[in-house]
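S.K.: Here's a structure for you.
The values are calculated or read from the model by the stated rules, or taken from the named source; none is laboratory data. Everything numeric here is computed off the predicted structure, so don't read it as measured data. Here the Cβ positions follow ideal geometry from the backbone for every residue, glycine too, while neighbour counts run over all protein chains shown. Areas reflect the complete protein model, heavy atoms only, side chains present, ligands, DNA and RNA absent. Shrake-Rupley method; radii C 1.70, N 1.55, O 1.52, S 1.80 Å.
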Amino acid sequence: MVKRQLPNPAELLELMQFKKPELDARKRRLDAALTTYDLRDIAKRRTPAAAFDYTDGGAEGELSMHRARQAFEDIELHPDILRPAAHVDTTTEILGGTSAMPFGIAPTGFTRLMQTEGETAGAGAAAAAGIPFTLSTLGTTSIEDVKAANPNGRNWFQLYVMRQREISYGLVERAAKAGFDTLMFTVDTPVAGARLRDKRNGFSIPPQLTLGTIVNAIPRPWWWIDFLTTPKLEFASLSTTGGTVGDLLNAAMDPTISYDDLEVIREMWPGKLVVKGVQNVSDAVRLIDRGVDGIILSNHGGRQLDRAPIPFHLLPQVVREVGEDATVMIDTGIMNGADIVASVALGAKFTLVGRAYLYGLMAGGRQGVDRMIDILRTELERTMALLGVSSLDELEPRHVTQLTRLMPVSATTAAAAEGVAARA
């Protein structure tokens, strides 16, 4: 029998410590976010549907986007036991400089439409975390203002080759003058992908009011107050706007870009040059052989060609073909620090996060981006410690198994044939 007694008031006070309430509503909701998907849920509640769906959506049926995320979920991690990793070092060298973690912020377009602090919040958060920030050609903060927000950190610039080449050349010169150290020559956007959510929402640049947008805005007055009481959007490359994002891209981009354009830009650019949007092994090999400083395996976050190759699936084969010394990076689908660990283990030198960054931005501005970085950092460090890994250099392919969900028909047929032969 358990001996019962009357509660001792002194013991109750010791056991029942009341938590001090957090009066800052923004901090309260961000502290409650434990994953990037939690930040996504907050972002969805706080952002008008058209702006949120521009970030959240992909091309056509959004198969590429969902498959990329599924690929990271379909992995098995293999920890080593009795290998203490009390102190985890996430520092890495990338493209001639240091990053405190093996990920940076990817380029995103029209960012101040998501939340008014836009690229300034991203650049400032990247500076505080010691990771690179990438400004898009279609960014809504100038090259010079991003440099001011991240004066001593690493700034990268993502370049689209425009129909009017002089616009692109001018951006290259401005980024070099501002001290950006890396240029991302982007090759997967000769024309705009079919982003059906934008068309269904009537999403345009600048936003246009309809009965639907007004109704959707009623429970989110803070977004409209921010949008209407802050400086007019400034685009890095567009002097005129109007129409859907697809209309703007098709008007600005040139489907005739080629290796000749790559060589012109390489002659102009004094820093590191990487090619973003590589989606097959032969192109990866060709670019490395041509001497680019790095490549980024990417299907543009599933926002261009739907049913495109999954970068994470492509990664091991590309690394085998180009060699472990080549700088191979990856984006698309990264939502967890374990995704970053798996990418590094399979040979990626670096990773980039886009939607995760924007979910944090929409959830809480600069503080939301800080929270996103903190979440990924915590997941990254915890996953490494649980694997028994103290540094990124210790991660190896043996730590990761990519589980099969999508298999090419030829491989499936061959496996079935082997099974029939074995039973015969």
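S.K.: Could you sort the peptides 246-254, 2-10, 306-314, 219-227 by per-residue average Cβ neighbour count (10 Å cutoff), highest mean leading?
M.R.: Peptide ranking by packing, descending: 306-314, 246-254, 219-227, 2-10.
S.K.: Check LYS276: other-chain or 5+ apart residues with amide H under 5 Å from its amide H, H built from backbone geometry?
M.R.: When sequence neighbours closer than 5 places are left aside, the close amide H contacts are PHE185, THR186, VAL187, ILE296.
S.K.: Roughly how many percent of the accessible protein surface of the chain is carbon and sulfur, given a 1.4 Å probe and a whole-percent answer?
M.R.: 55
S.K.: Could you tell me the relative contact order of the chain? Use alpha-carbon pairs under 8 Å, at least six residues apart, and round to a whole percent.
M.R.: Dividing the mean separation by the residue count of the chain yields 26 percent.
S.K.: Let me ask you something else. Arranged from highest to lowest average of other beta-carbon atoms within 10 Å per residue, in what order do the peptides 292-304, 257-269 appear?
M.R.: By packing density, highest mean first, the sequence is 292-304, 257-269.
S.K.: Kindly write out, for the stretch 176-192 in residue order, the coupling ³J(HN,Hα) from the Karplus curve 6.51 cos²θ - 1.76 cosθ + 1.60 (θ = phi - 60°), rounded to whole Hz, with x marking Gly and Pro.
M.R.: So the Karplus estimates, Gly and Pro as x, are 5, 4, 7, x, 5, 9, 9, 10, 9, 7, 9, 10, 9, 10, x, 9, 6 Hz.
S.K.: Okay, moving on. Taking the Cα centre of the stretch 261-342 as origin, sum charge times position over the Cβ atoms of Lys and Arg (+1) and Asp and Glu (-1), and report the length of that vector in debye to the nearest 20.
M.R.: In debye, rounded to 20, the stretch 261-342 gives about 160.
S.K.: Related question: Separation of the stretch 348-391 and the stretch 295-337 by C-alpha centroid, Å?
M.R.: Comparing the Cα centres of the stretch 348-391 and the stretch 295-337, I get a distance of 18 Å.
S.K.: As a test, work out the antiparallel percent of DSSP beta bridges whose residues both lie in the chain, rounded to the nearest 5.
M.R.: Bridges in the chain are about 20 percent antiparallel.
S.K.: To continue, here is another question. For the stretch 249-382, take the convex hull of the Cα atoms, compute a quarter of its surface area, and give me that in nm², please.
M.R.: 9.8
S.K.: If packing is taken as the average number of other Cβ atoms within 10 Å across a peptide's residues, how do 81-89, 43-51, 163-171, 128-136 rank, most packed first?
M.R.: Output ranking for 81-89, 43-51, 163-171, 128-136: 128-136, 43-51, 163-171, 81-89.
S.K.: With a probe of 1.4 Å, find how much accessible area the stretch 249-401 has per residue, and write the answer as a whole number in Å².
M.R.: Per residue, the stretch 249-401 has 35 Å² of solvent-accessible surface.
S.K.: On alpha carbon coordinates alone, what is the Rg over Rh value for the stretch 66-106, Rh being the Kirkwood radius?
M.R.: For the stretch 66-106, the value is 1.09.
S.K.: Moving on. Could you list which residues have their amide H under 5 Å from that of ASP181, counting only those 5 or more apart in sequence or on another chain, with H placed in the peptide plane?
M.R.: For ASP181, whose amide H was placed from the backbone, the distant partners under 5 Å are ASN155.
S.K.: Could I ask something else about it? Using the C-alpha atoms of the chain, what convex hull volume per residue, in cubic angstrom, is computed?
M.R.: Here the figure is 226 Å³ per residue.
S.K.: Spelling out what I want: for every residue of the stretch 254-271, take phi, set θ = phi - 60°, compute 6.51 cos²θ - 1.76 cosθ + 1.60 (Karplus), and round to whole Hz; glycine and proline get x.
M.R.: Working through the residues one at a time gives 10, x, 9, 4, 8, 4, 4, 5, 4, 5, 4, 5, 5, 5, 7, 8, x, x Hz.
S.K.: While we're here: In whole Å and largest first, what semi-axes does the C-alpha gyration tensor of the stretch 1-51 yield when each eigenvalue is scaled by 5 and square-rooted?
M.R.: 42, 14, 8
S.K.: Through the Karplus equation 6.51 cos²θ - 1.76 cosθ + 1.60, θ set to phi - 60°, convert the phi angles of the stretch 308-323 into ³J(HN,Hα) values in whole Hz; use x for Gly and Pro.
M.R.: Computed from phi, the couplings for the stretch 308-323 are 6, x, 8, x, 5, 6, 6, 3, x, 5, 4, 4, 4, 7, 8, x Hz.
S.K.: Say the cut-off is 21 Å between C-alpha atoms; which of LYS276/LYS349; LYS44/LYS199; LYS177/LYS232; LYS44/LYS147 go over it?
M.R.: Distance filter (> 21 Å) returns LYS177/LYS232; LYS44/LYS147.
S.K.: Which Cα, out of GLN402, GLY57, PRO311, lies furthest along the positive dipole direction of the chain (beta carbon charges, K/R +1, D/E -1)?
M.R.: GLY57
S.K.: If you don't mind, another one. Might you report the magnitude of the Cβ-based charge dipole of the chain about its Cα centre, with Lys and Arg at +1 and Asp and Glu at -1, to the nearest 20 debye?
M.R.: For the chain, the charge dipole is close to 1380 debye.
S.K.: Still on this structure: Before rounding to the nearest 500, sum -39500 (n - 2.57) across all DSSP H runs of length at least 4 in the chain and divide by the residue total; then give [θ] at 222 nm in deg cm²/dmol.
M.R.: About -13500 deg cm²/dmol.
S.K.: Now for a different question. Using the Cα atoms of the stretch 1-152, I'd like the radius of gyration and the largest Cα-Cα distance, Dmax, both in angstrom.
M.R.: Radius of gyration, then largest Cα-Cα span, for the stretch 1-152: 22.7, 75 Å.
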